[in-house]
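What follows is a single structure, written as structure tokens, with notes after it.
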Amino acid sequence: MAVLMGGLSSEREVSLVSGRECADALERLGARVSRIDAGRDLAQVLTAAKPDVVFNALHGAWGEDGCVQGVLETLGLPYTHSGVLASALAMDKAKAKAVLAAAGVTVPGGGLFNRFDVAKSHVMAPPYVVKPNAEGSSVGVFLVFEGANGPPQQVVAPDWTFGEEVMVEPYIAGQELAVAVMGQQALTVTDIVSRTGFYDYDAKYGEGGSTHIMPADMPKPAFERALRMAEAAHGALGCQGVTRSDFRYDNVNDLLVLLEVNTQPGMTPTSLAPEQAAHLGIGFDDLVLWIVEQAYGGRGKSGI
Ligand SMILES: Nc1ncnc2c1ncn2[C@@H]1O[C@H](COP(=O)(O)OP(=O)(O)O)[C@@H](O)[C@H]1O
Ligand SMILES: [Mg+2]
């Protein structure tokens, strides 16, 4: 087996941890594992390694957006998680929101704006959120509140690499929720309580940055709605294997909104999806094994 980790994106460090944990699990399960730090020479490296199956533990640009999936299709290698189309669609927040809305999933309003317009003046009434259209791990996300110092200038900084168009959405107050879907079925709902009030990179990955309340403490109908919406989103985008959908729930207005579907969710034992699986009695190694079996069996991606 080959485990792809690291990669070229801003989520490289997270992926190195996901990859190591999954490779360790696969070795415990008895597989012979090549750990591959995926770079531009991926096709040559895999051609030489000749794995039976590829476990994709990459996150973010290139590894999660259909590019690596295209390389794997071209090489004719079975691989884990979603295929080319679902990966590319889920990574593009604007396009994903259009497809999800058409499928009846509630998504935030707002849309794409030129980053220079966003920096010049408020493009919508605060509070609102500015974020890259195609990134992950809360990189480049800015919350703009009433009485703040004006629109975020970071989007016009010389080191801004996240595209000319940025996603601007009304800020949804309330709880931060996540639902993992495993083979079309939602697992449970986790409420993520951040220490800083914002679920940023440190809150997500830092020691003690957030607390996970699982199952989430929220009204039962909204809990059920989150499960069904995550399943609908997974299906509408054509995802495979495991995904994790991120939500906001405004309990004052009973407004549940799906922010995005992650097609390559974090895969350390304390990551949200493995934690939800464990809650339902599926241990980390069992989850990794199930993900690999999905790569082998009836994927329907391109006849692999
Ligand atoms: N419309 C929104 N309202 C409130 N918070 C938001 C909104 N959009 C994003 N956020 C916050 O920013 C985080 C990252 O946004 P998300 O859309 O999940 O992008 P990514 O995880 O790919 O960086 C979310 O987990 C949430 O805490
Ligand atoms: Mg997210």
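Filtering segment 251-267 to residues that are in a strand (DSSP E or B) and either within 16 Å of ligand 2 (Cβ to nearest atom) or not assigned by TED's automatic domain parsing to the domain that holds residue 101 (or both) leaves 256, 257, 258, 259, 260, 261, 262. Of the residues making up segment 183-196, one or more are within 15 Å of ligand 1 (Cβ to nearest atom), without any contact (Cβ under 8 Å) to a residue 40 or more places away in the chain, assigned to a loop (DSSP other than H, G, I, E, B) and out of contact with any Phe, Trp or Tyr (no Cβ under 9 Å at 6 or more places or on another chain). Here residue 89 clears all of (1) farther than 21 Å from residue 288 by Cα; (2) without any contact (Cβ under 8 Å) to a residue 60 or more places away in the chain; (3) in a helix (DSSP H, G or I); (4) not aromatic (Phe, Trp, Tyr) except the condition numbered (2).
Okay, residues lined up against (1) at pLDDT 95 or above; (2) of a type outside the set (D, E, K, R); (3) within 15 Å of ligand 2 (Cβ to nearest atom); (4) touching a strand residue (DSSP E or B) at 6+ places or on another chain (Cβ under 6 Å):
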{"residue": "209", "(1), (2), (3), (4)": "no, yes, yes, no"}
{"residue": "217", "(1), (2), (3), (4)": "yes, no, no, no"}
{"residue": "224", "(1), (2), (3), (4)": "yes, no, no, no"}
{"residue": "236", "(1), (2), (3), (4)": "yes, yes, no, no"}
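So, in segment 123-140, of the ones that are at pLDDT 75 or above and within 16 Å of ligand 2 (Cβ to nearest atom), which residue ends up surrounded by the fewest Cβ atoms within 10 Å (Cβ to Cβ)? This residue is 133. Under the condition of being farther than 11 Å from residue 5 by Cα and of a type in the set (Asp, Glu), the residues counted in segment 20-63 number 4.
Yes or no, residue by residue, for (1) within 14 Å of ligand 1 (Cβ to nearest atom); (2) over 16 Å from the mean Cα position of the chain (by Cα); (3) not assigned by TED's automatic domain parsing to the domain that holds residue 265:
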{"position": "102", "(1), (2), (3)": "no, yes, no"}
{"position": "117", "(1), (2), (3)": "no, yes, yes"}
{"position": "121", "(1), (2), (3)": "no, yes, yes"}
{"position": "145", "(1), (2), (3)": "yes, yes, yes"}
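Here residue 147 fulfils each of the conditions (1) over 30 Å from residue 227 (Cβ atoms); (2) at pLDDT 95 or above apart from (2).
Hey, can you tell me all the residues within segment 47-66 that are of a type in the set (A, V, I, L, M) and within 16 Å of residue 81 (Cβ to Cβ)? The answer is 53, 54, 57, 58, 61. Name every residue in segment 18-35 that is in contact with a Gly (Cβ under 8 Å, 6 or more places away or on another chain) and assigned to a strand (DSSP E or B), in order of residue number. Selection gives 35 alone.
Does segment 141-166 hold any residues that are away from ligand 2 (no atom under 16 Å from the Cβ) and under 17 Å from residue 94 (Cβ atoms), and which are they? Once the filter is applied, which keeps residues that are away from ligand 2 (no atom under 16 Å from the Cβ) and under 17 Å from residue 94 (Cβ atoms), segment 141-166 yields 155, 163, 164, 165. On the given criteria, is residue 138 assigned by TED's automatic domain parsing to the domain that holds residue 215 and of a type outside the set (Phe, Trp, Tyr)? Considered against the rule, which asks whether it is assigned by TED's automatic domain parsing to the domain that holds residue 215 and of a type outside the set (Phe, Trp, Tyr), residue 138 comes out as no.
The values are calculated or read from the model by the stated rules, or taken from the named source; none is laboratory data. Quick caveat, the model's predicted, so the values are computed rather than measured. We place every Cβ from the backbone using ideal geometry, glycine too, and count neighbours over all the protein chains shown.
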